[in-house]
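One structure is given below, encoded as structure tokens.
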Amino acid sequence: MADTSQADPGVRRAAIADELRRLEESAMYSAQMQFETGKHWRGVHLMLGIPTGLLAAVAGTTVLVESTGRVAAGILALVSAGLSAIMTTVNAPQRMTHATTCANAYLEVQTAARQARTVDLPVLPVDEVRAVLAELTARRDEQNRAADPPGRRAYRRAQANIRHGGQTYAVDRGLTVTTSDTTEPSAPAP
């Protein structure tokens, strides 16, 4: 392997820029997949929680209102108890929170990598930017270890979100940015 400390700084800068782009892309897809996973667990929680609550309420009402509906109330109570057990085992709210936390951590890495590439790389010494790259890579790797693997559906939905501009800012599309004070044309996307 060649000694990179003696390599042309322009070549090293280009290699670091490429690696920062890879890191941005990896974090972007990982964040989107974790957000989709969080949506999935929110849906599971609602699909189990609403019927569980309704069945428990109907079972309680049936017992109180009718003395002849004890069997029906018992069945409803058992079904409700079964759904409650499933909810407890699945633990969808905790999984949803974990996926969302992981997604936001990936977004932090993505943003930091983009800023390092577009703002810092042109002006900082190569060794400093290389240290930033190493730190961001370590953060991404740590997040990879903490995140639950997403399912195939989350992967497909994340790809669709990104393909349809879900991770693109107006400034990156060259659109005009309007604030309450001024309107300025954005620079064209790199």
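The values are calculated or read from the model by the stated rules, or taken from the named source; none is laboratory data. Note that the coordinates shown come from a computational prediction; the quantities given were computed from them, not determined experimentally. All Cβ positions, even for glycine, are placed from backbone atoms using ideal geometry, and neighbour counts span all protein chains on display. Heads up: the accessible areas ignore ligands, DNA and RNA and are worked out on the full protein's heavy atoms, side chains in. Shrake-Rupley method; radii C 1.70, N 1.55, O 1.52, S 1.80 Å.
Side notes on the structure shown:
- Accessible surface area normalised per residue over the chain is 64 Å², counting heavy atoms of protein chains with a 1.4 Å rolling probe.
- Remark: segment 111-119, residue by residue, has Karplus-estimated 3J(HN,Hα) of 5, 4, 5, 4, 5, 4, 6, 8, 9 Hz, where x stands for each Gly or Pro and the curve is 6.51 cos²θ - 1.76 cosθ + 1.60 at θ = phi - 60°.
- Accessible area, probe 1.4 Å, largest first, for residues Thr37, Thr111: Thr111, Thr37
- Taken over segment 1-113, the convex hull of the Cα atoms encloses 102 Å³ per residue.
- Within the accessible area of the chain (1.4 Å probe), percent carbon and sulfur: 59
- On Cα atoms only, tilt of 70-90 relative to the major axis of the chain in degrees: 20
- From the coordinates shown, P(r) over Cα pairs in 10 Å bins from 0, in percent corresponds to which of (1) 7, 26, 32, 18, 7, 4, 4, 2, 1, 0; (2) 9, 30, 25, 17, 12, 6, 1; (3) 8, 23, 22, 19, 11, 8, 5, 2, 1: (3)
- Residue-span extension gain [Leu78 to Thr101] - 0.36 nm each, minus C-alpha spacing: 4.8 nm
- Percentage relative contact order, the chain, counting C-alpha pairs under 8 Å, at least six apart: 30
- Under Karplus coefficients 6.51, -1.76 and 1.60, residue-wise ³J(HN,Hα) of segment 14-27 in Hz, glycine/proline x: 5, 5, 5, 4, 4, 5, 5, 4, 4, 5, 4, 5, 4, 5
- For Phe35, the shell of other residues with beta-carbons less than 14 Å away shows a net charge of +3, using +1 for Lys and Arg and -1 for Asp and Glu.
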